[in-house]
Amino acid sequence: MTKKNRSLWCLAFGLIAVLIGFSPQQTLAADDAGFTVKTVLPANQRDSSQTYFDLRVSPNQEQDLEVVIQNRNTTALTVLIAAHSAFTNDNGVVEYGKSPKPADPSLSVNLKDVVSVPAEVTIPALNQRVVKIHLKMPSKPFLGTVLGGLQFKAKPDDKWTEKGAVTNRYVYAVGLMLTESDQPVGPDLKLQKVVTANDHRRPAILAQVQNFEAAILRNLQVQGYLYRASGGKVIHQAEQDRINMAPNSNFNFKMGLEKTPLKPGKYRLELMAKGSGRTWKLKQVFTVSKQAANQIRTLAKPEPPKQALPWYLFLGGGIVIGIVSYAGLKKILAQRQHPR
């Protein structure tokens with residue numbers, strides 16, 4: 001067992017399975033985390049066959065949502081609660097926890113601004129508690145989908161947070177999707193910016209692709225081609241598929257440059273993106289500075305090979321092995337010729 005914290009994520013109630021195509025994982029939260037979370041579906045639930053919140057709302061609407069947290073431990077359990085808008089990580093996966101980056105500028109309704117939750121609740125051993133989640137919609141109407149999640153995390157016990165101890169932290173997420181009408185809104189893409197970067201000690205081009213509409217984008221495939229600004233020859237290319245994007249979010253399409261050092265100058269990146277029945281052709285001209293080119297060249301250098309042992313050590317070792325082997329063989333032959 002290592003000393004590192006283990007964080008096991010369980011995205012529950014089938015939100016991801018229904019919207020994005022992943023399968024729900026409920027057994028981990030029930031059996032390993034020691035608690036479960038169950039939604040109490042309100043009258044404005046659009047699809048009562050689902051167990052996540054899929055609500056039809058209106059401007060200025062206020063209501064209390066309810067979830068039931070059941071403690072399966074033989075001791076009291078404290079659960080931390082938070083609300084977050086969904087975001088897209090740089091692997092092209094929709095997440096429902098706290099985003100490590102700022103919200104996308106196109107996001108008009110942030111879930112944390114319309115949902116109020118208690119910071120934490122304590123449930124007695126082998127008991128359950130109904131927790132109220134207050135929803136207050138803004139006065140300005142919106143089109144499309146507001147997507148996010150309610151996050152429930154077991155608070156670590158003090159005795160497990162001492163230096164050198166292992167801390168298990170389980171997260172249980174309940175999907176929350178809000179719409180105000182059935183008017184269709186489709187995803188749409190922009191190429192926001194292109195930069196060179198040090199991506200985990202590897203040189204790369206990062207192209208920020210933005211879904212600026214309040215709609216989910218499923219199964220996106222992106223092909224990228226790098227050219228000189230006015231050239232027609234492809235210098236480098238990359239591809240990423242099975243990308244899913246949350247409404248009003250962005251991610252960095254990555255093009256590794258380990259084998260393609262760039263000279264200072266202007267370049268053109270062209271992206272061909274296909275998903276949700278649409279095709280986008282995006283391009284942007286960007287500049288690689290002398291400093292950035294030097295950084296790419298430095299990062300692209302292969303690691304020097306490990307220094308081999310000097311040849312004379314191998315020669316000396318071989319001679320020693322040969323002498324020992326010869327002496328051993330001679331002794332065995334002598335014993336056979338002069339048995340006791």
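The values are calculated or read from the model by the stated rules, or taken from the named source; none is laboratory data. Keep in mind it's a predicted model, so treat the numbers as computed, not measured. Cβ atoms come from the backbone with ideal geometry, glycine included; neighbour counts cover every protein chain shown.
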- Note on the structure: Over segment 215-253, the set of residues more than 17 Å from Val93 (Cα to Cα) and part of a loop (DSSP other than H, G, I, E, B) is Ala229, Ser230, Gly231, Gly232, Lys233, Val234, Ile235
- Message: If I go through segment 243-266 residue by residue, how many of them are touching a residue at least 60 places away in the same chain (Cβ under 8 Å) and either exposed (fewer than 13 other Cβ atoms within 10 Å of the Cβ) or on the phi < 0 side of the Ramachandran plot (or both)?
- Response: 12
- Message: Looking at Gly92, Gly97, can you tell me which residue is surrounded by 14 or more Cβ atoms within 10 Å (Cβ to Cβ) and modelled with pLDDT under 95?
- Response: Gly97
- Message: What pairs come out if I take residues in segment 205-230 that are free of Cβ contacts under 8 Å to residues at least 12 places away in the same chain and pair them with residues that are of a type in the set (Asp, Glu) whose C-beta lies under 8 Å away, six or more apart or interchain?
- Response: none
- Starting from segment 86-112, take each residue that is touching a residue at least 12 places away in the same chain (Cβ under 8 Å) and list its partners that are among the acidic types (Asp, Glu) and buried (at least 17 other Cβ atoms within 10 Å of the Cβ), counting only C-beta distances under 8 angstrom and pairs at least six apart or across chains. Ala86/Glu95; Phe87/Glu95; Phe87/Asp104; Thr88/Glu95; Asn89/Glu95; Ser106/Glu213
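Residues that are modelled with pLDDT under 95 and aromatic (Phe, Trp, Tyr): which strands (runs of 3 or more DSSP E) entirely in segment 111-193 hold 3 or more of them? Give the steps one after another, and end with the answer.
Numbers: elements: 120-123, 128-136, 146-154, 168-179.
Passing ranges: none, list empty.
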- Query: Got at least one residue in segment 253-264 being more than 22 Å from Ser99 (Cα to Cα) and small (Gly, Ala, Ser)?
  - Reply: yes
